[in-house]
Amino acid sequence: ILFSDTVGFISDLPTQLIIIPAGPLAYLPFETLVSSQGENPQLATANYLLRSSRLLYAYSATLYAHLKREPSSAPQKRLLAMAPFAGQGRGAYAQLSYSGEELAAISNYFPAEVLKDKAATRQAFLARQEACQILHLSTHAFGYAPGQVPHIIFYDSMLTIADIYKLSIPAELVVLSACQTQTGELASGEGVLGLGRAFIYAGTGSVIASLWNLNDRFTSQLIGDFYQQLAAHQTKAEALRQAKLSFLDNTDI
């Protein structure tokens, strides 16, 4: 990484970066680093690294090389989208009012099997996931906390990180549209032991996951833009980058 004369600002980086973060750097979204200092920068208009570079993350060089050698064996063009709380909440889990819109936006660009509310069960996911190229889960999820293992909530029950490690999930892409799906316990030499890593270990080609809690409304907009770009034959990394740029440039937000 080359630094300019102004300390703390980054310049002269390539258009695509593969980041393998160590330790607590796994919690840093590198694309939000400011690559140059503008006049009176605002949050939306700052010169983020995202504006000049595509960023991909890997858990290790070895795992990245392994995934490059062994592409997904899942059939092409099949997409499973699930939203257990689109219509109403249940127990301690609030309704995700925009989950339905999120899945509708996906269906505009890809033929998808859409399972909502009572149909979006753990067993339905397990029965279908091996036949799909893309798995999209719009739901509640929880990262690491004392006394709690990372897990994803379906309508009837949960899928824990331990469950995922035991599965074969050959999808090309898993989108975890839920809170804190990239958080987890930090392990020396391994990085974050979160849900995203578990899917990679289970054979998934790539994962989109979150570091923080998500805003239901704005997540649905960003996801719709992502799938629009993906349907236009952008790579996954570039499609996500363009969706994030659209979010930054949306003056209604």
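The values are calculated or read from the model by the stated rules, or taken from the named source; none is laboratory data. Values in this document were obtained by computation on a predicted structure and should not be read as measured data. Cβ sites come from the backbone with ideal geometry, for glycine too, and all protein chains shown count toward neighbours. Calculation scope for accessible area: heavy atoms of the full protein, side chains included, ligands and nucleic acids excluded. Shrake-Rupley method; radii C 1.70, N 1.55, O 1.52, S 1.80 Å.
Here are a few things to note about the model shown:
- Here Leu137 meets the list (1) within 19 Å of Leu67 (Cβ to Cβ); (2) not in a loop (DSSP other than H, G, I, E, B); (3) not acidic (Asp, Glu) almost entirely, failing just condition (1).
- All positions within region 151-167 that are under 19 Å from Gly91 (Cα atoms) and open to solvent by less than 10 Å² (accessible area, probe 1.4 Å): Ile152, Ile153, Phe154, Leu159
- Note on region 199-248: residues that are more than 20 Å from Gly100 (Cα to Cα) and among the aliphatic types (A, V, I, L, M) amount to 10.
- Among the residues making up region 104-133, a single one is in contact with a helix residue (DSSP H, G or I) (Cβ under 9 Å, 6 or more places away or on another chain) and open to solvent by less than 10 Å² (accessible area, probe 1.4 Å): Ile106.
- Filter result for Tyr227 (open to solvent by 40 Å² or more (accessible area, probe 1.4 Å) and over 15 Å from Pro29 (Cβ atoms)): no
- The residue list Ala86, Ala127, Ala162, Ala104 contains one member that is part of a loop (DSSP other than H, G, I, E, B), of a type outside the set (Phe, Trp, Tyr) and without any contact (Cβ under 8 Å) to a residue 60 or more places away in the chain, which is Ala86.
- Within region 160-199, the residues that satisfy the criterion of being within 25 Å of Gly224 (Cβ to Cβ) and of a type in the set (A, V, I, L, M, F, W, C) are Ile169, Ala171, Leu173, Val174, Val175, Leu176, Ala178, Cys179, Leu195, Phe199.
- Cβ-Cβ under 8 Å pairs, at least 6 apart or on other chains, region 230-242 side closer than 17 Å to His136 by Cα, far side charged (D, E, K, R) and part of a helix (DSSP H, G or I): Leu230/Lys236
- Consider region 18-46 and keep the residues that are open to solvent by less than 60 Å² (accessible area, probe 1.4 Å) and over 28 Å from Val192 (Cα atoms). The one that is modelled with the lowest pLDDT is Gly38.
- Here Arg78 meets the list (1) at pLDDT 80 or above; (2) out of contact with any Ser or Thr (no Cβ under 7 Å at 6 or more places or on another chain); (3) open to solvent by 80 Å² or more (accessible area, probe 1.4 Å); (4) more than 25 Å from Ser177 (Cβ to Cβ) almost entirely, failing just condition (4).
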